[in-house]
Amino acid sequence: MAKRTCDRRGHAFALGRFLFRTPTAWEYAAAVACGSDPAAQRWLGWLPDSVVTEPMRSEALRILPGTGPAWSTPDPHSVDVVAIDLLEGRCAGLVSVHSGEDGGPETGGYLAPAYRGRGLGRDLFAAGLLLAHSHLGLPRVRAGAEVGNVASGRSLEAAGLRRAPGPPHYTLPNGRLSEAWWYQHDVPRPHRCPGPPAEWLAF
Ligand SMILES: [Zn+2]
């Protein structure tokens with residue numbers, strides 16, 4: 001399997017069961033499939049064009065990690081890393097640090113259906129914190145969860161984020177307005193790795 005350390009083309013680090021890495025084009029397709037099922041879309045609210053439907057979804061979930069050409073994100077305001085399950089040899093989800101509602105850095109992500117309900121959301125969001133604080137040099141990162149998304153809130157708190165004040169709503173990509181719980185996490189001394197920086201973020 002490909003690289004496991006950061007360089008100027010991408011980030012790579014291990015955490016818990018997963019290797020988190022800047023995805024290849026095919027790994028990114030697998031990651032999109034991980035969040036495309038109706039249960040995930042209830043919370044994610046992507047535009048219909050972004051959602052991978054069956055039978056493509058099952059096929060994309062079987063993509064082998066380490067395959068596919070190098071790829072750059074379509075969103076220049078987001079640093080995305082894919083969660084790779086080294087034991088099973090498949091893509092398990094995605095976590096990102098992106099420009100949030102207030103312009104500051106936010107983390108968010110999702111797991112494939114087979115990885116939900118197993119306490120692995122903690123590792124996913126811990127990876128988001130690690131990406132923000134130890135790779136992108138960000139002292140503070142926030143996260144939003146929809147009011148009622150108890151699994152997401154529990155995972156954020158298990159990863160170490162704490163409830164914080166914030167706007168009462170946020171807007172999903174499909175335009176749906178959702179009520180928000182906000183979380184945040186701070187470190188006194190963030191670090192930057194040799195990987196691609198988050199140049200858009202003012203901090
Ligand atoms: Zn890095």
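The values are calculated or read from the model by the stated rules, or taken from the named source; none is laboratory data. This one's a predicted model, so the numbers in the text were calculated from it and none came from an experiment. Neighbour counts run over all protein chains shown; Cβ positions are idealised from the backbone, glycine included. Heavy atoms of the whole protein, side chains included, go into the accessibility calculation; ligands, DNA and RNA do not. Shrake-Rupley method; radii C 1.70, N 1.55, O 1.52, S 1.80 Å.
Compute the relative contact order of the chain as a whole-number percentage, counting only Cα pairs closer than 8 Å that sit 6 or more residues apart in sequence. Walk me through the numbers on the way to the answer.
Numbers: 414 pairs, mean separation 44.9, N = 203.
With pairs under 8 Å counted, the relative contact order is 22 percent.
Taking the Cα centroid of segment 130-172 and of segment 24-61, what is the distance between the two, rounded to the nearest whole Å?
22
Calculate, for segment 12-186, the solvent-accessible area per residue in square angstrom, rolling a 1.4 angstrom probe over the heavy atoms of the protein chains. List each step's numbers first, then the result.
On the way: 7780 Å² over 175 residues.
Using a 1.4 Å probe on heavy atoms only, each residue of segment 12-186 averages 44 Å².
Using mean Cβ contacts within 10 Å as the protection proxy, how do 61-69, 105-113, 49-57, 83-91 order, highest first? Please report the intermediate quantities before stating the final value.
Details: 61-69: 15.4, 105-113: 24.1, 49-57: 13.2, 83-91: 18.9.
Those peptides, ordered most packed to least, come out 105-113, 83-91, 61-69, 49-57.
List, in order, the whole-Hz ³J(HN,Hα) value for each residue of segment 34-40 obtained from phi through the Karplus relation with A = 6.51, B = -1.76, C = 1.60 and θ = phi - 60°; use x for Gly and Pro.
My calculation for segment 34-40 gives 4, x, 9, 6, x, 5, 6 Hz in order.
Where the accessible area of segment 156-203 is counted over protein heavy atoms with a 1.4 Å probe, how much of it, in %, is carbon and sulfur? Intermediate values should be presented prior to the final figure.
On the way: 1650 of 3070 Å².
Here carbon and sulfur together make up 54 percent of the probe-accessible area.
Apply the Karplus curve 6.51 cos²θ - 1.76 cosθ + 1.60, θ = phi - 60°, to the phi angles in segment 192-198 and return the couplings in whole Hz, x for Gly and Pro.
Per-residue couplings from phi come out as 10, 8, x, x, x, x, 9 Hz.
Would you calculate, for the chain, the mean residue ellipticity at 222 nm contributed by helices, counting each DSSP H stretch of 4 or more residues as -39,500 (n - 2.57) and dividing by all residues, to the nearest 500? Present the calculation step by step, with values, prior to reporting the outcome.
Details: 5 runs with 42 residues, N = 203.
So the calculated ellipticity at 222 nm is -5500 deg cm²/dmol.
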